[in-house]
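S.K.: Below is one structure. I have some questions about it.
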Amino acid sequence: PKINLLSGRLMRAGAELAEVDVAGLARLQVAVDARRLPVGDAVTVGFRPEHLELADAGTTGFANRIPAQVALAEYLGDHQLLHVVAGPEGTRLALKRPPLDVPPAGSPVVLQVAAGHGLMFDAAGRAVPRSSHDGAP
């Protein structure tokens, strides 16, 4: 599956961590060295489907939490690809799940991902260098 790409605005640009406001979804932290980018610039954040997880109800410590609704699940043998819709604009995201661990279509879910699994691209599509920060709580 393709990488999940989300457009947003850079809100904080540090050497170890950047924070991006993805309108209508969330503020996401990404472990990159974004010091060369001005705050307020348009950026794109990317997360691979295998790095997105379903948050447990009591899970804390993750800044990157995205409320969504299950659209459908594709059974692919050793895993399922769960397609969800998030935010008022219906942003579609995909995540990999074990074959028997998928909520039914229409279920509300919360996605989470560690900052260390994120990628970020500037407005010209150039990758922002990753940092050593893993984003763990």
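Values quoted throughout were computed directly from the atomic coordinates according to the rules given, and no laboratory measurement underlies them. The structure presented is a predicted model; accordingly, all values stated were derived computationally and were not measured. Here Cβ is always computed from backbone atoms with ideal geometry, including for glycine, and neighbour counts include all displayed protein chains.
S.K.: Net charge around Leu95, counting only other residues with Cβ within less than 14 Å of its Cβ (Lys, Arg = +1; Asp, Glu = -1)?
M.R.: Details: positive: Lys2, Arg48, Arg65, Arg92, Lys96, Arg97; negative: Glu50, Glu53, Glu74, Asp101.
Summing Lys and Arg as +1 and Asp and Glu as -1 gives +2.
S.K.: How large is log10 of I(q)/I(0) for the chain at q = 0.11, 0.16, 0.19 Å⁻¹ when the intensity is taken from the Debye formula with one equal scatterer per alpha-carbon?
M.R.: -0.38, -0.79, -1.06
S.K.: If you don't mind, another one. Once you have a ≥ b ≥ c as the square roots of the Cα gyration tensor eigenvalues for region 46-124, tell me rounded if a/c is under 1.5, and otherwise prolate or oblate according to whether a/b is larger than b/c.
M.R.: On the way: a/c = 1.43, a/b = 1.36, b/c = 1.05.
Rounded, since a/c falls under 1.5.
S.K.: Using a Gaussian network for the chain with springs between C-alpha atoms less than 10 Å apart, which of these wobbles most: Ala18, Ala34, Ala124?
M.R.: Between Ala18, Ala34, Ala124, it is Ala124 that shows the largest mean-square fluctuation.
S.K.: Turning to a different aspect of this structure: In a Gaussian network model over the chain where Cα atoms closer than 10 Å are linked, find which of Pro88, Pro67, Pro103 has the largest mean-square fluctuation.
M.R.: Ranking Pro88, Pro67, Pro103 by mean-square fluctuation puts Pro88 first.
S.K.: Put +1 on the Cβ of every Lys and Arg and -1 on every Asp and Glu Cβ in the chain; which of Gly46, His79, Ala13 then has its Cα farthest towards the positive end of the dipole?
M.R.: Checking the options against the dipole of the chain, the answer is Ala13.
S.K.: Please find, in a Gaussian network model of the chain (springs between Cα atoms separated by less than 10 Å), the residue of Gln80, Gln112, Gln29 whose mean-square fluctuation is greatest.
M.R.: Among Gln80, Gln112, Gln29, the largest mean-square fluctuation in the Gaussian network model of the chain belongs to Gln80.
S.K.: How far apart, in nm, are two points set 7 Å out from the Cα along the Cα-to-Cβ line at Tyr75 and at Arg9?
M.R.: Calculated label separation equals 4.6 nm.
S.K.: If you don't mind, there's one more thing I want to ask. Can you give the local net charge around Leu76? Use residues other than it whose beta-carbon is closer than 13 angstrom to its beta-carbon, Lys and Arg +1, Asp and Glu -1.
M.R.: Working: positive: Lys96, Arg97; negative: Glu50, Glu74, Asp78.
It works out to a net charge of -1.
S.K.: Please get the size of the charge dipole for region 1-128, origin at its Cα centre, with Cβ charges of +1 on Lys and Arg and -1 on Asp and Glu, quoted in debye to the nearest 20.
M.R.: 260 debye
S.K.: So, in nm, how far is label Arg92 from label Asp122 when the simple model puts each one 7 Å beyond its Cα toward the Cβ?
M.R.: 3.1 nm
S.K.: How about region 53-122: which GluC sites (Glu not before Pro) there lie in a loop by DSSP and see at most 13 other Cβ atoms within 10 Å? Each step should come with its number before you reach the end.
M.R.: Values: sites: Glu53, Glu74, Glu89; in loops: Glu89.
Answer by residue number: Glu89.
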